[in-house]
Protein chains: 6
Amino acid sequence: MDKKTYDRGLEIRTEVLGKEYVANAMRNVDDFNKPMQELVTEYCWGAVWGREELPRKTRSMLNLAMIGILNRPHELKAHIAGALRNGVTKDEIREIFMQMTIYAGVPAGVDAFRAAREVFAAQEQKP
Amino acid sequence: MDKKTYDRGLEIRTEVLGKEYVANAMRNVDDFNKPMQELVTEYCWGAVWGREELPRKTRSMLNLAMIGILNRPHELKAHIAGALRNGVTKDEIREIFMQMTIYAGVPAGVDAFRAAREVFAAQEQKP
Amino acid sequence: MDKKTYDRGLEIRTEVLGKEYVANAMRNVDDFNKPMQELVTEYCWGAVWGREELPRKTRSMLNLAMIGILNRPHELKAHIAGALRNGVTKDEIREIFMQMTIYAGVPAGVDAFRAAREVFAAQEQKP
Amino acid sequence: MDKKTYDRGLEIRTEVLGKEYVANAMRNVDDFNKPMQELVTEYCWGAVWGREELPRKTRSMLNLAMIGILNRPHELKAHIAGALRNGVTKDEIREIFMQMTIYAGVPAGVDAFRAAREVFAAQEQKP
Amino acid sequence: MDKKTYDRGLEIRTEVLGKEYVANAMRNVDDFNKPMQELVTEYCWGAVWGREELPRKTRSMLNLAMIGILNRPHELKAHIAGALRNGVTKDEIREIFMQMTIYAGVPAGVDAFRAAREVFAAQEQKP
Amino acid sequence: MDKKTYDRGLEIRTEVLGKEYVANAMRNVDDFNKPMQELVTEYCWGAVWGREELPRKTRSMLNLAMIGILNRPHELKAHIAGALRNGVTKDEIREIFMQMTIYAGVPAGVDAFRAAREVFAAQEQKP
C-alpha cells in the first residue's frame, strides 16, 4: 500500500461522502472487509479522485450518470449527497438524469429521479 | 413541447399504468422533476406508445422482457400490471419470463417471477 | 438428454435460423463445443421455443428487443433474419427497435438499426 | 422433461441452496410458476451443475462473481450461503469480490460485500 | 413532431457530431429508419441537448462516461470526436476514462482507451 | 504510486498475458494513456492479482466468467489465452462458459464459445 495515497484517499472520501458515512464504514471494518476498504480508499479515492486534472464537481457529475446506469441505488444515493457537497446543484442533477434517460433508457432515469427524491427528503428532515 | 403528443401520451400512460399510478406521479410533480415527467410523457408515451404500428398488447409484452433484463423491479411491476390491463394473460407472462430466462439468464428470470408473484398477490388483496 | 426435446429443438432452430445457419453450426461441432450445442438446442430451442403457449412470431419479436439490449450483434443479426422468417415485418422490426430506444437508450437503438440494415442489405444481395 | 436430469437437479439444488430454500420454493409452486421451477431445476441444476467436469466449489466461486456482476442481490445471497456449504471460505469470498471490484467496478464490489455481511450476520443469529 | 425542437436538434447534432456524420445519416434515411432518425433528432438532440441548463462540454463529458459503460463502441467513437469539438481536452478524456475504469471496471476502461486511440489516429491522418 | 506493487503487477501481467501482449502495450504508451497503464498494472495486477489468497488458475477461471458477462471480446480473448497459461484446461473453459450460459443467457455463452474458438485457432497456427 502507498500510505500517502491511502491517506489522501481517506481525506477526499470523507469530504465527499461525509464524516458520518466514512465513520460508519470504518466502524464496520473487520477481518473480512478490511482489504476491500483499503483497496477502495487507496485506488478509487486516492489514486483517481486524488488526481487534480478534473475538478471534484465534474467527478461527481460523472458519477451520478455512471452509477445511475450501473444500477446501484445504495451507492447512487451516497453520491447524490456527495454531489451536493461538491457544488452540483439540484438543477444540474436533474439535467444529468434527463440526459441519462436518453442514453440509458426511461427506467434508469425514473429510478435515478426516485433516488434523488429520497436523498432530498432525508436532508430536509435533518435538523 | 408538442402539446398534442403530450396529451396523447398522458392518455395512454393513464390507460396502461392506471389512474392511480398517474395521479400519484402527477401529485409528486415539483420544480425538480417536472421536465422529466414531461419528457417521459411526451416521448415514451406519446411519440412511441402512441404509434399505431404495434398493438398495445405487443408493446406490453416487449416491455416485460426488456424491463426484466434492464433489472428495474419497480418499473417492472408497474408494467406487469399494465400488461394485464392490455390483455396479456398470466400464461403469456410466464412464457415471456421463461424465454427471458434462456436469453438473459436464470437470475433475471427468477427475479421476474418474484415480481409477478408480488403484483398478482397485491391485486388479489384489492376489494 | 431428452432426445425428443433435442430433436424438436433442432427442428425449430433450423426453421427459425435457417438450414444454412444450423448446417454451419453443426459442421463446427467438435469435442470442445458439442455439450454446448446440445444444451442450447435442447433447452433454448426445444424446452422453451418448443412450448406452444406463444406463437413463434411473438417469440421472435421478444428476441429482437432482448438481444438488442443484451448487446450481442452477431446473435441479433441471426434473429433479425429469423424474425423475418417467422413473419415479423420490417415495419414491426422498426417499431420494436424504436420502443427499445426509449427503454434501453439511444445507443442501443442506433446499433439495432445498424444491424437491421446489414441484414436487409445481405438479403437483397442474394440471388 | 428428462426425469433423471430433473431428479439429479433437485438433489443438487437442495444440497447447495439448502433444504429450507428448496422446500420454500416447492411450497410456492403453482400453475403460474411450475414450468419455470421445472426448467430451472432440470436445466440449471441438473444439466449444468450435474456435470462432473468442475467441482461444486469451483461452480460456487464462479457464481459469486457472475451473480454479483449481474446485480441480483436476492440470488447472490442464496449463492453466498451455498458457497459456504460447498466449502468456499470467507477469505475466498473476499478475494472473489475484490477481484470482481477490479473487473466490474467499485459499486458492484461494495454491494457484494454488503450482501456477504448480511448472509454472515443471518447465519450467526441462527441457533 | 414539434418542428422547432426537431430543427434545433438537427442543428445541435450537426455541430456536435459534424456535418459529415449527419450528412451521411441523412443520406441513409429510408422508409425503414426515417421515424427513428426523427425521434433521435427531436428527442435526444432537441429536447435534451437543446436544454440550456448544462453546457455542451459537460454533456459531452457525461456521454463519454455513459456510452463507455453502455459498451457501444461505434457511438462512443462518434462522441469522442464530438467531445473534442465541444472543447473537452485529451487530458480530460483520459481522466473521464480513468474514473470510468474505477466505477465500471478495467475491461470497460481498456476498451474506452482503445476507442480514443482510434479516433485520435483517424484525426491525425486527415489533411 | 507504490513502486513495489507496480513492479509485482508488471511481472504478473507479463506471466499471465504473455510477453508479447505486454511488450505491445508498453510500446503504445504515450502521454495520453500512461497514467492508465500505470493504474491498471498497479491496481489490477499488483494489488489484486498479487494477493496470494487465490491461486492464479482460480483467478483466471473467474475472469473468463466475468469478462464474458461484461461483454468485452478483446479482453476476453486475452484472458482465454491467459487462462491456458495458468493451467485452465480447454474442458474447464467449456464448463465455465456453459455455466455462464445458464446464468447470463445463451447469447453471452455463444459469444464466449466463439471467442474461445478464435483463440484456439490462432494458437494452432503459431509455429
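The values are calculated or read from the model by the stated rules, or taken from the named source; none is laboratory data. Keep in mind that what you see is a predicted model, and the values were worked out from it rather than measured. Positions of Cβ are backbone-derived with ideal geometry, glycine not excepted, and every protein chain shown enters the neighbour counts. Side chains included, ligands, DNA and RNA excluded: accessible areas come from the protein's heavy atoms. Shrake-Rupley method; radii C 1.70, N 1.55, O 1.52, S 1.80 Å.
Is the shape of region A:13-55 rounded, prolate or oblate, going by the alpha carbon gyration tensor and its root eigenvalues a ≥ b ≥ c, with a/c under 1.5 for rounded and a/b larger than b/c for prolate?
oblate
Hey, if we sort C:His74, C:His79 by accessible area with the 1.4 Å probe, largest down, what's the order?
C:His74, C:His79
Give me the angle, in degrees from 0 to 90, between the Cα long axis of helix C:56-70 and the longest principal axis of the Cα atoms of chain C, rounded to the nearest 10.
Relative to chain C, helix C:56-70 is tipped by roughly 70 degrees.
Where does the charge balance sit around A:Arg8 when Lys and Arg score +1, Asp and Glu -1, over other residues with C-beta under 14 Å from its C-beta?
-3
In Å², nearest 100, what accessible area do chains E and A bury in total when the solvent probe is 1.4 Å?
2800
How big is chain C on each of its three principal axes, counting only the C-alpha atoms and giving the largest first in Å?
Extents along the principal axes, in whole Å: 41, 35, 27.
With the label 7 angstrom out along Cα to Cβ, how close does D:Asp91 come to the same site in each of the other copies, in nm, nearest first?
Spelled out, the distances from D:Asp91's label point are 3.0, 4.5, 5.6, 5.6, 6.7 nm.
Per-residue ellipticity at 222 nm for chain C, helices alone: DSSP H runs ≥ 4 residues times -39500 (n - 2.57), over residue total, nearest 500 deg cm²/dmol?
-23500 deg cm²/dmol
Take a quick pass over chain B and tell me how many lysine pairs come in under 18 angstrom between Cα atoms, counting only ones 8 or more apart or on separate chains.
Lysine pairs meeting both conditions in chain B amount to 9.
Run through the other copies and list how far each one's label point is from that of E:Tyr21, in nm with one decimal, shortest first; the point sits 7 Å from Cα along Cα-Cβ.
From this label point to the equivalent ones elsewhere in the assembly: 3.2, 3.2, 3.2, 3.5, 4.6 nm.
Got a number for carbon plus sulfur as a percent of chain A's accessible area, 1.4 Å probe?
The nonpolar share, carbon plus sulfur, comes to 51 percent.
Work from the charge dipole of region A:1-126 (Cβ charges, +1 for Lys and Arg, -1 for Asp and Glu, about the Cα centre) and give the residue of A:Gly109, A:Ala122, A:Ile67 farthest towards its positive end.
Final value for the positive-end residue is A:Ala122.
Would you mind checking the tilt of helix A:106-125 against the longest principal axis of the Cα atoms of chain A, expressed as 0 to 90 degrees and rounded to 10?
Computed tilt is about 70 degrees.
Dipole of chain B, Cα-centred, from +1 at each Lys and Arg C-beta and -1 at each Asp and Glu C-beta, to the nearest 20 debye?
That gives chain B a dipole magnitude of about 200 debye.
Mind checking the angle between helix A:90-104 and chain A's longest principal axis? C-alpha axes, 0 to 90 degrees, to the nearest 10.
The helix A:90-104 is inclined about 80 degrees to chain A.
Given a Förster radius of 60 Å and the C-beta distance between C:Arg51 and A:Glu53 as r, what FRET efficiency does 1/(1 + (r/R0)^6) yield to the nearest 0.05?
The calculated FRET efficiency here is 0.60.
Given just the C-alpha atoms of the protein assembly as shown, how large is their convex hull per residue in cubic angstrom?
176
Compare B:Asn24, B:Asn63, B:Asn86 in a GNM of chain B, Cα atoms joined below 10 Å, and give the one with the largest fluctuation.
B:Asn24
Mind jotting down the distance between the C-alpha centroids of region D:68-124 and region E:14-91, whole Å?
38
Cβ under 11 Å from A:Val88's Cβ, A:Val88 left aside: what net charge do those residues give with Lys, Arg +1 and Asp, Glu -1?
+3
Springs between alpha-carbon atoms under 10 Å, Gaussian network over chain F: tell me which of F:Ala83, F:Ala115, F:Ala25 tops the mean-square fluctuations.
It is F:Ala25.
Quote the accessible area belonging to D:Arg13 in square angstrom, nearest 10, computed with a 1.4 Å probe and with ligands, DNA and RNA left uncounted.
Using a 1.4 Å probe on the heavy atoms, I get roughly 20 Å².
With r defined as the distance between the Cβ atoms of B:Arg85 and C:Asp91 and R0 fixed at 22 Å, what FRET efficiency is calculated, to the nearest 0.05?
Plugging the Cβ-Cβ distance into 1/(1 + (r/R0)^6) gives 0.30.
Quick one: among D:Lys19, D:Lys77, D:Lys57, which has the greatest mean-square fluctuation in a GNM of chain D with alpha-carbon springs under 10 angstrom?
Checking each option, the largest mean-square fluctuation is seen for D:Lys19.
Compute the accessible area per residue over chain A, keeping the other protein chains in place, probe 1.4 Å, unit Å².
I get 40 Å² per residue for this part.
Once you list every other residue whose beta carbon is under 13 Å from the beta carbon of B:Phe32, what net charge do they have if Lys and Arg are +1 and Asp and Glu are -1?
-4
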